[in-house]
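Worksheet: the structure to be examined is printed underneath.
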Amino acid sequence: MSAETPPTLELVRPVPQRRSLSSRPTTSDRVFVSGSRLAAIATLLIMGLIGYFLTVGAWPALEQQGWQFFTEKQWLPETGQYGIAGLLEGTVLVGVIALIVAVPVSFGAALFISEYAPPALKRPLVTLVDLMAAVPAVIYAIWALIFLQAQLLSVAQWLSVHLGGALPFLTVKTPDSPSSYTSSAFIAGVAVGFVIMPTITSIMREVFSQAPVGEREGAIALGATKWGMIRAVVLPFGRAGIIGGIMLGLGRALGETIVVYALISPIFDWTTHPLESGTNTIAAHIASRYSESNGNAFAGLLAAGMVLFAFTLVINTAAGIVVSRSRSGAATEI
Amino acid sequence: MTITSTADPVADAPGSPASPARKPGSLVAQDVHAWFGDHQVLSAVDLVMAAGEVTALIGPSGCGKSTFLRILNRMHELVPGAALAGQILLDGQDIYDPSLRPIESRRRVGMVFQKANPFPTMSIYDNVLAGLSLTGQKVKRRGKDNEADALVEHSLRSAGLWDEVRNRLGTPGGSLSGGQQQRLCIARSLAVRPDVLLMDEPCSALDPTSTRRVEETIRQIASEVTVVIVTHNMQQAQRVSDRCAFFLAAEGLPGHIVEQGSTSDVFERPRDERTADYVNGRFG
């Protein structure tokens, strides 16, 4: 604007009409967009339908039992006395034992692969861990039955005999007999821990390896040791990935069926002694009773399934939110 | 080691800045050759970086000056396949001596990178002290002989950042602007009291105002610490450095120093034609 022009002239100039900024997508774009939109809707729809049919199928049992369904430990549909209190406790117990076993190993393995492994070893290890995650659970179940179970008996016995005095929940009724330990929540939990280990390792490794090179070098250049650098840069960066990986592992552990089914002997009570034979989880219970149930007994199984479905949905969603909200997880697939 | 062992007695007086860092160190490169795998990137580099001076390393991209800089604090060896020949003497002692741990060399020879890299979720205060905690040095954070506060203030003052952040030391380092982040990185490097500070194009991502502030900072800290700076900016090299080394790598050959000397000589009376061409912007 030149100095001679009066500023008021600017004001009387009319504001031009806004233009449309949208453009017609090409045919290929339209086809692709509607195709992918359909696929996205389909996944939501399937999830919704599963929830819907579970609820409809479970309704007779929930109607009959009311809140008692969540407080009753026994499972006697013939007498109308059944609920998931015992199953739920067993499910959480096995899940927690699995985490206690899996998390430290996964954490160490993920750190080793992303930070310490020589390049020649790194790639095979990543592939191997991913491959382990793809091994069907039934293979883990067979391996646990023919190998792990026998190995863990002595561990369970040792724990019970040596630590039972200080920690009474580790005792069993007949500590000298190996059969006291054979089908416990502990053994099932350890086996499930092996199932979820690759998943947790994979997620943790992924976020660790994304820790920015600039910050890593910054710490090293200040004179940090490798471990100091990991503590100052990699772990804070990967914190959400660690939490998310653990939660996702827990989600898998809660739903793990065949491994638990193969190892435990079912009881319908609260498992207060995890080393002692006898426990039960929702998934294993459904698998074992599915074929022989009808009527309200079947509805009860569906109701138990619905609870598990809701439980794992909440945990996995929470894990997804934790990971994606973090700085490290923005680019991580879980 | 504690801070008090090297600190000036006045450091503890309230309101006074902490003591200046110890005497700057002299760095001498003797017949340095460097490789990445089979590829040689540096050949026969001899350079004296005198104590208390600012030495600028200039030259076109790919001539090995950043590699040379990273050799000076043993960051070079972090790259897989990196190899080295020759010696780097810090106050007469070879930093590649097998008896010396790399972390000790890196603590004495600090580094500021091209891209500012503060620890983004750590507070400004903790960022400045990060080097001390990373190297296991204890510094009192509480009580009346609080050394940490004085050290943070002194480091931030030296880096020319104190006035801008004094009222928000608790906010994350990542919340600062790019130029402030770079000066925070300088403060962080100064807090461990290095003998030498290496700077790898510290202003290449900064706007002119921030660049000017960082250059002022470099001039200010030169009395405390020997500075070696890589820069592509000829004016910057002239403004901040006392001495200058011109690196060049001919096609397919490793980089080497074509000419070195006082900055005024290199820029105003270059002996080599290639130096004259480069400093006058005729290539590179």
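The values are calculated or read from the model by the stated rules, or taken from the named source; none is laboratory data. Because the structure is a prediction, the values reported are computed rather than measured. In this analysis, Cβ positions are derived from the backbone assuming ideal geometry, glycine residues included, and neighbour counts consider all displayed protein chains.
From the set of residues in segment B:70-99 that are in a loop (DSSP other than H, G, I, E, B), free of Cβ contacts under 8 Å to residues at least 60 places away in the same chain and within 11 Å of another protein chain (Cβ to nearest Cβ), which is farthest from B:LEU132 (Cα to Cα)?
Selected residue: B:GLY81.
Every residue in segment B:36-64 that is part of a strand (DSSP E or B) and either under 14 Å from the mean Cα position of the chain (by Cα) or hydroxyl-bearing (Ser, Thr, Tyr) (or both), please.
Once the filter is applied, which keeps residues that are part of a strand (DSSP E or B) and either under 14 Å from the mean Cα position of the chain (by Cα) or hydroxyl-bearing (Ser, Thr, Tyr) (or both), segment B:36-64 yields B:SER43, B:MET49, B:VAL54, B:THR55, B:ALA56, B:LEU57.
Among the residues of segment B:139-150, count how many are among the basic types (Lys, Arg) and either surrounded by 12 or more Cβ atoms within 10 Å (Cβ to Cβ) or under 15 Å from B:LEU190 (Cα atoms) (or both).
Going through segment B:139-150 one residue at a time, the tally reaches 2.
How about segment A:167-213: which of its residues are of a type in the set (Gly, Ala, Ser) and more than 21 Å from A:THR272 (Cβ to Cβ)?
A:SER202, A:SER209, A:ALA211
Here are some residues: A:VAL260, A:VAL234. Which one is out of contact with any Asp or Glu (no Cβ under 8 Å at 6 or more places or on another chain), assigned to a helix (DSSP H, G or I) and either modelled with pLDDT of 90 or more or away from chain B (no Cβ under 14 Å) (or both)?
That would be A:VAL260, the only listed residue that is out of contact with any Asp or Glu (no Cβ under 8 Å at 6 or more places or on another chain), assigned to a helix (DSSP H, G or I) and either modelled with pLDDT of 90 or more or away from chain B (no Cβ under 14 Å) (or both).
Restricting to segment A:127-163, what's the tally of residues that are closer than 17 Å to A:ILE97 by Cβ and in contact (Cβ under 8 Å) with a residue 12 or more places away in the chain?
Residues in segment A:127-163 being closer than 17 Å to A:ILE97 by Cβ and in contact (Cβ under 8 Å) with a residue 12 or more places away in the chain: 12 in total.
Consider segment B:150-194. How many of its residues are over 14 Å from the mean Cα position of the chain (by Cα), of a type in the set (Val, Ile, Thr) and not in a helix (DSSP H, G or I)?
1
Looking at B:ALA44, B:ALA116, B:ALA83, can you tell me which residue is under 23 Å from A:VAL233 (Cβ atoms) and modelled with pLDDT of 90 or more?
Result of the check over B:ALA44, B:ALA116, B:ALA83: B:ALA116.
Conditions first: (1) of a type in the set (Asp, Glu); (2) at pLDDT 90 or above; (3) not in a helix (DSSP H, G or I). A:GLU89 passes all but one, so which condition is the exception?
Evaluating A:GLU89 over (1) of a type in the set (Asp, Glu); (2) at pLDDT 90 or above; (3) not in a helix (DSSP H, G or I) leaves (3) as the failure.
For segment A:65-88, name all the residues that are of a type in the set (Gly, Ala, Ser) and within 17 Å of A:ILE267 (Cβ to Cβ).
Matches in segment A:65-88: A:GLY83, A:ALA85, A:GLY86.
Are there any pairs with C-beta distances below 6 angstrom linking a residue in segment B:100-118 that is within 8 Å of another protein chain (Cβ to nearest Cβ) and of a type in the set (D, E, K, R) to a residue that is part of a helix (DSSP H, G or I) and crowded, with 24+ Cβ neighbours inside 10 Å, with the two at least 6 apart or on different chains, and if so which?
As it stands, the answer is B:ARG106/A:ALA221, since those pairs meet every condition given.
Between a residue in segment B:124-138 that is more than 9 Å from chain A (Cβ to nearest Cβ) and surrounded by 18 or more Cβ atoms within 10 Å (Cβ to Cβ) and any residue that is of a type in the set (S, T, N, Q) and part of a helix (DSSP H, G or I), which pairs come within a Cβ distance under 6 Å, given they are 6 or more apart or on different chains?
Close Cβ pairs (under 6 Å, with a partner that is of a type in the set (S, T, N, Q) and part of a helix (DSSP H, G or I)) amount to B:VAL128/B:SER155.
Inside segment A:99-131, can you point out the residues that are of a type in the set (Lys, Arg) and surrounded by 15 or more Cβ atoms within 10 Å (Cβ to Cβ)?
Selection gives A:LYS122 alone.
Scanning segment A:209-227 for residues that are farther than 12 Å from B:PRO118 by Cα and outside any helix (DSSP H, G or I), which turns out farthest from the other protein chains (Cβ to nearest Cβ)?
A:GLN210
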